[in-house]
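Okay, structure first, notes after.
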Ligand code: GAL
């Protein structure tokens with residue numbers, strides 16, 4: 001089969017194109033397999049940065065049979081130029097029934113000239129048959145001029161991985177209930193803040209959201225409800241250690257990528273240096289909510305001080321039986337974000353639960 005010979009460019013960081021020759025816009029993304037209408041395919045969700053940081057391009061989807069050839073499935077969560085867009089057919093179909101107050105809230109999260117939509121991740125819910133997107137919803141909002149002051153989790157729902165997705169809203173999540181505790185630059189006023197986030201579904205179908213909070217000092221892991229559309233327990237009723245856990249307190253980690261191998265849960269993360277890369281770290285646990293044992297830097301080769309110029313976005317279990325797991329990272333280009341590259345590497349499993357990310361160019365999958 002000709003496809004088997006194809007390579008991943010790995011740390012060479014070649015540009016990636018879809019089948020039509022368009023540059024793939026799926027940054028901060030995630031790949032997973034879905035069966036849609038009886039056909040199993042890979043789906044790659046990510047940030048559309050066609051216009052750079054802003055105007056915000058929303059969330060883009062691609063699909064593939066082999067992880068090499070990608071079909072452009074279009075923008076599945078669209079942003080809006082102005083509130084007048086609610087009268088367009090596309091937005092009318094999604095939000096026509098919403099009261100005006102809700103439309104105002106939705107516009108703030110989808111306002112392409114002010115919003116920030118980062119690190120989108122998708123979940124398929126077997127019970128409801130719906131697809132749910134979680135993303136870092138941020139940007140300028142009334143009373144908040146900064147790009148990262150809103151600090152919420154956005155949730156959208158759709159009937160198919162290719163959309164269209166309807167935004168349900170954006171939310172603060174769990175917080176440590178102590179006004180005197182250390183909340184970093186967020187302060188107690190901005191408790192429950194959410195910046196870099198990811199999701200994880202366990203084999204028992206329980207889903208979790210993993211997010212940086214407390215001014216990015218702490219990694220929270222919270223259980224989602226049965227439909228994956230909200231937290232299992234509202235923040236005001238949640239108990240730390242039961243409904244959510246606080247991990248790596250004061251560790252300043254982001255770019256969370258959780259995966260499971262056998263009975264072990266892994267979490268790869270970066271440090272917090274914006275678009276500039278830094279060394280990765282990983283931890284291992286026996287439960288998605290921890291406790292986590294810190295294992296150090298997964299990168300063993302030259303270039304490890306920048307994770308080979310990448311920042312984690314996801315680890316894909318490509319073929320668990322063959323131990324084939326794929327690390328997906330972003331090589332951000334701060335001066336031309338739309339030209340940021342995708343760095344994909346195999347995860348190597350070593351004795352005693354250790355892993356390694358090798359510095360590999362133009363590699364083939366096993
Ligand atoms: C990174 C983060 C990205 C983006 C960027 C903005 O640390 O992982 O998703 O938010 O900061 O500077």
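The values are calculated or read from the model by the stated rules, or taken from the named source; none is laboratory data. Bear in mind that the values here come from a model prediction, so they are computed numbers and not experimental data. Backbone-built Cβ (ideal geometry, glycine too); neighbour counts: all protein chains shown.
Sort out which residues of the stretch 263-305 are over 22 Å from residue 340 (Cα atoms) and in contact with a helix residue (DSSP H, G or I) (Cβ under 8 Å, 6 or more places away or on another chain), and write them in order of number.
Scanning the stretch 263-305 gives 264, 284, 295, 297.
Of the conditions (1) surrounded by fewer than 19 Cβ atoms within 10 Å (Cβ to Cβ); (2) under 20 Å from the mean Cα position of the chain (by Cα); (3) under 26 Å from residue 171 (Cβ atoms), residue 256 clears all except one; give me its number.
The number of the failed condition is (1).
Go through the residues of the stretch 255-276 one by one and say whether even a single one is within 16 Å of the ligand (Cβ to nearest atom), more than 30 Å from residue 51 (Cα to Cα) and at pLDDT 95 or above.
The first filter runs over the stretch 255-276 and keeps only residues within 16 Å of the ligand (Cβ to nearest atom), leaving 255-258, 267-276.
If we keep only those that are more than 30 Å from residue 51 (Cα to Cα) too, we end up with 267.
Now narrow it down to the ones that are at pLDDT 95 or above: 267.
Yes, that holds for at least one residue.
Checking the conditions here, which among 322, 341 is touching a residue at least 12 places away in the same chain (Cβ under 8 Å) and under 19 Å from the mean Cα position of the chain (by Cα)? Break it down into steps so the answer makes sense when it comes.
Details: 322 fails: under 19 Å from the mean Cα position of the chain (by Cα).
Criteria check complete, one pass: 341.
Hey, any hits in the stretch 234-241 for a residue that's away from the ligand (no atom under 15 Å from the Cβ), under 23 Å from residue 136 (Cα atoms) and crowded, with 22+ Cβ neighbours inside 10 Å?
no
Can you name the strands (runs of 3 or more DSSP E) wholly within the stretch 114-212 that have at least 3 residues being under 14 Å from the mean Cα position of the chain (by Cα), within 16 Å of the ligand (Cβ to nearest atom) and at negative phi? Let's see the steps before the verdict.
Working: elements: 115-125, 130-139, 152-158, 166-171, 197-201.
Because the criterion is at least 3 residues that are under 14 Å from the mean Cα position of the chain (by Cα), within 16 Å of the ligand (Cβ to nearest atom) and at negative phi, the strands (runs of 3 or more DSSP E) in the stretch 114-212 that meet it are 115-125, 130-139, 152-158, 197-201.
State whether the residues of the stretch 57-74 include one that is in the same structural domain as residue 156 (by TED's automatic domain parsing), more than 15 Å from the chain's Cα centre (by Cα) and within 16 Å of the ligand (Cβ to nearest atom).
Scanning the stretch 57-74 turns up at least one residue that is in the same structural domain as residue 156 (by TED's automatic domain parsing), more than 15 Å from the chain's Cα centre (by Cα) and within 16 Å of the ligand (Cβ to nearest atom).
Cβ contacts < 7 Å: first residue outside the structural domain of residue 245 (by TED's automatic domain parsing) and more than 17 Å from residue 315 (Cα to Cα), restricted to the stretch 267-287; second residue in a strand (DSSP E or B) and within 8 Å of the ligand (Cβ to nearest atom), any location; separation 6+ or different chain. Result?
Correct list of pairs: 272/254; 277/311; 278/270.
Of all residues being away from the ligand (no atom under 16 Å from the Cβ) and under 22 Å from the mean Cα position of the chain (by Cα) in the stretch 297-307, which is surrounded by the fewest Cβ atoms within 10 Å (Cβ to Cβ)? Just the residue, please. Give the derivation first.
Kept after step one, since they are away from the ligand (no atom under 16 Å from the Cβ), are these residues of the stretch 297-307: 297-305.
Among the residues that remain, those that are also under 22 Å from the mean Cα position of the chain (by Cα) are: 297-299.
Values: 297: 14, 298: 24, 299: 24.
So, considering only residues that are away from the ligand (no atom under 16 Å from the Cβ) and under 22 Å from the mean Cα position of the chain (by Cα), the one surrounded by the fewest Cβ atoms within 10 Å (Cβ to Cβ) is 297.
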